Amino acid sequence: MFTTEPTSSQLALEHLRSELGEAVSLDPVLLQSVRTDKSGWVAPGSPLAVVLARSTQDVQSAMRIASRFRIPVVPRGAGTGLAGGGVGTDGALVISTERMNEILEINPADELAVVQAGVINQHLSDATAPHGLVFSPDPASKAISTIGGNIATNAGGLLCAKYGVTREAILGLVVVLADGSLLRTGRRSVKGVTGFDLTALLTGSEGTLGVIVEATVRLRPIPAGDIVTLGAFFTDVRAGAAAAAAITAALIRPAVMELMDHASLVAIDAYTGTRLSEGGGAYLLVQTDARGAADEASAISTILTGLGADVRLARDAEEGEALLAVRRNFHPALASVGEVLIEDICVPRSHLAEMFAAIDEISRRHGIAIPTIAHAGDGNLHPNFVVPPRAPSSISGSEGQSEQEVPASVWAAADELFVAAMELGGTLTGEHGVGVLKKRWLENELGPQSLELQRGIKAVFDPLSIMNPGAVF
């Protein structure tokens, strides 16, 4: 009788079950769920298994086995990514850090915290608030996204123009490398320039260099003084973009400066019951904080009024926060009506109006609705391609087959969008990452020499090329 030798995947699964027991899941529902993220892209095939890690040791064991049998590994947090960077591809071992959710230390004296990768962003700020401290990075998904995922994508948010993106808030990391060994980077001190900055390198690496399991993060004081919020209506979004650039040119740095075009306002109104779209063709939401906030808001109001805006001041801090909550509802508003490709480009702030003009032209020429919002304080735009309804098909998208493919016409429009951003001195992605969905355009921005160097760096960390293959590179 002939016997069939077990495959490397079968052997790996046997070892995983032996070492990790119930932490290894083959639940079909879970295997299905990890094949996608908030981008809507669904990986073809099925992952081998999901490791629901509860400790660094779990992750190390899983990585040692994956390395031994050369099984591809996809690190994953809460699955809130928007570029397909943490999805379980066919035959891959998904290592989830979502259950590693302990806040290990809060140190008010040094204004830092030590957290496991699965801690929810908002939960950390809630825990540090009694100490008068906050974790600055605040992506729109902060109520559901993990800090490990924020680090993997170098996430930004509404406050990042004033307080910085995730990289500025990370002091040190603990990372499980491809062979299962443990790497500690950074320090607890505010300053330190010993050696290459591996902490900064790993921040934004999208799971291609290792699995982030722990972070030492910088906290900042919650601003003392008033918080003042104002909204300004404009005839069109280009006028609003020019006004945002004028505020920046006046050397004013509000904590929040969000610009929404008319299509965005209509979507938000339909979802939240607000009536913002009745006020004008575009809306600029500005919030100032700390001491002198009232004077800063007054200066901003003068600038905006001088440019023809209809400026309205929030009655109090509570109303101001409610307006920010409305802005955070933009993506759920679009998702509630159909499939959306959420893009993420960034241009120099002085070219914001030109980029909005380019989006309008691309939308008109392709006949595709592209509601767009922007973190106007740093030039980061989020054009949203509303995918036309269609019958189920197997149209090929950016990478192989998928159950929810974006039509070729939408990718053609997106291609023009990326080219326009780069021609204005901008970038393919300001905070969502490259993932699977943007890798085809990577060389256009980086150039062949830089791309080859970056692939070489990945090879040093991951010589067997098992870390998140298919993403970024």
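The values are calculated or read from the model by the stated rules, or taken from the named source; none is laboratory data. None of these values were measured; they are calculated from a predicted model. Cβ coordinates were reconstructed from backbone atoms using ideal geometry, including for glycine residues, and neighbour counts include every protein chain displayed.
Residue by residue, here is whether (1) assigned by TED's automatic domain parsing to the domain that holds residue 377; (2) in contact with a helix residue (DSSP H, G or I) (Cβ under 8 Å, 6 or more places away or on another chain); (3) of a type in the set (A, V, I, L, M) holds:
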{"position": "283", "(1), (2), (3)": "no, yes, no"}
{"position": "289", "(1), (2), (3)": "no, no, no"}
{"position": "294", "(1), (2), (3)": "no, no, yes"}
{"position": "299", "(1), (2), (3)": "no, no, yes"}
{"position": "306", "(1), (2), (3)": "no, no, no"}
{"position": "313", "(1), (2), (3)": "no, yes, yes"}
{"position": "321", "(1), (2), (3)": "no, no, no"}
Please enumerate the residues belonging to the stretch 105-121 that are in a strand (DSSP E or B) and surrounded by fewer than 24 Cβ atoms within 10 Å (Cβ to Cβ). 105, 106, 107, 112, 114, 120
Breaking point among (1) under 30 Å from residue 179 (Cα atoms); (2) out of contact with any helix residue (DSSP H, G or I) (no Cβ under 6 Å at 6 or more places or on another chain); (3) at pLDDT 90 or above, for residue 433: (2)
Can you tell me which residue in the stretch 437-473 is nearest to residue 90 (Cα to Cα), limited to those that are surrounded by 13 or more Cβ atoms within 10 Å (Cβ to Cβ) and β-branched (Val, Ile, Thr)? 466
With respect to the numbered conditions (1) at pLDDT 95 or above; (2) within 23 Å of the chain's Cα centre (by Cα); (3) crowded, with 22+ Cβ neighbours inside 10 Å, which one is the sole condition not fulfilled by residue 39? (1)
So which of 54, 76 ends up being buried (at least 24 other Cβ atoms within 10 Å of the Cβ), in contact (Cβ under 8 Å) with a residue 40 or more places away in the chain and charged (D, E, K, R)? 76
Would you mention how many residues in the stretch 324-339 are within 15 Å of residue 157 (Cα to Cα) and in contact with a strand residue (DSSP E or B) (Cβ under 6 Å, 6 or more places away or on another chain)? 2
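Condition check ((1) closer than 25 Å to residue 247 by Cα; (2) in contact (Cβ under 8 Å) with a residue 40 or more places away in the chain) across all residues:
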site: 338; (1), (2): no, yes
site: 342; (1), (2): no, yes
site: 347; (1), (2): yes, yes
site: 357; (1), (2): yes, yes
site: 364; (1), (2): no, no
site: 374; (1), (2): yes, yes
site: 377; (1), (2): yes, yes
site: 380; (1), (2): yes, yes
It is to be established whether one or more residues within the stretch 188-201 are crowded, with 20+ Cβ neighbours inside 10 Å, part of a loop (DSSP other than H, G, I, E, B) and not assigned by TED's automatic domain parsing to the domain that holds residue 278. no
Quickly run through the stretch 149-185 and pick out the residues that are in contact (Cβ under 8 Å) with a residue 40 or more places away in the chain and part of a strand (DSSP E or B). 170, 171, 172, 173, 174, 176, 182
Residue among 45, 88 that is crowded, with 24+ Cβ neighbours inside 10 Å, free of Cβ contacts under 8 Å to residues at least 60 places away in the same chain and part of a loop (DSSP other than H, G, I, E, B): 88
Residue hits (the stretch 293-350; over 22 Å from the mean Cα position of the chain (by Cα) and of a type in the set (Ser, Thr, Tyr)) are 298, 301, 302, 305, 350
Quick one: would you say residue 283 is modelled with pLDDT of 95 or more and hydroxyl-bearing (Ser, Thr, Tyr)? yes
Might you check whether a residue that is touching a strand residue (DSSP E or B) at 6+ places or on another chain (Cβ under 6 Å) and either of a type outside the set (Lys, Arg) or surrounded by 19 or more Cβ atoms within 10 Å (Cβ to Cβ) (or both) occurs anywhere in the stretch 266-273? no
Candidates 453, 417, 437, filtered to the one that is of a type in the set (A, V, I, L, M), farther than 28 Å from residue 65 by Cβ and not in a helix (DSSP H, G or I): 437
Scan of the stretch 208-257 for residues that are part of a strand (DSSP E or B), of a type in the set (Val, Ile, Thr) and closer than 30 Å to residue 459 by Cα, ordered by number: 211, 212, 213, 216, 217
Just one of 435, 426 is touching a Cys at 6+ places or on another chain (Cβ under 7 Å) and closer than 28 Å to residue 164 by Cβ; which is it? 426
Output for the stretch 208-226, where each listed residue is more than 18 Å from residue 115 (Cβ to Cβ), buried (at least 21 other Cβ atoms within 10 Å of the Cβ) and either at pLDDT below 95 or not β-branched (Val, Ile, Thr) (or both): 209
